């Protein structure tokens, strides 16, 4: 499942050193739980989800989430981060099929 | 493998003790929680679960967890076919030990959050959510 996957992240462009700010992330993904049945054939639709999400800032972990099928379609996460210097925030999503989606946002201090 | 009468009685007592756990969660959820805590005792307080009292659509139920000083928080939906929901591991740069997301709930149930604190102890809290339409496609 690599079609139509689009990560979206909202971070502030500028942050104050040592002060927490909120990050919102969303990735479009159908998150097939493996519980649903195909209405025509009656067979189970195989599981296909994003199983892990990480956020790192200059190589240091902010959050690392392991995700199970009970997370909704288009998984959305909101969390807080605190930084001391300017740098790049890297967001990575790991798909069941081995695909890895990532996006980077730079955060300035000011 | 055969059980003697004594062993059978001991097993029965153990099973009875399990059913009288203070927190009413079913067996599958209990296993998931035990795997996370390693069988350690779980305290109360210090962790908050934010969830709506009534969710009209079980496919997207907004929840939030907050546990100051936690290293990780696991969310368990006790009434789902697979009770695991997600585990949040907070890194060094986490601004607060809180996060929110949207989850699927199969029906009316308790959502439990268990936090592993920095010192290795565990605390938990739960929130009851009424679900009008379940979110597991059944």
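Nothing in this text is a laboratory measurement; each read-out follows from the coordinates by a stated rule. Note that the coordinates shown come from a computational prediction; the quantities given were computed from them, not determined experimentally.
Table for the structure above
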{"quantity": "At 0.890 mPa s and 25 °C, Stokes diffusion of the stretch B:69-138 via Kirkwood alpha-carbon radius, µm² per second", "calculated": "188"}
{"quantity": "Cα extents of the protein assembly as shown along the three principal axes, largest first (Å)", "calculated": "72, 52, 38"}
{"quantity": "Per-bin percent of Cα-Cα distances, the stretch B:5-131 [10 Å]", "calculated": "13, 42, 30, 11, 4, 0"}
{"quantity": "The stretch A:6-109: radius of gyration and largest Cα-Cα distance (Dmax), Å", "calculated": "16.2, 56"}
{"quantity": "CD proxy at 222 nm, helix term only [per DSSP H run n ≥ 4: -39500 (n - 2.57); per residue of the protein assembly as shown; nearest 500]", "calculated": "-3500 deg cm²/dmol"}
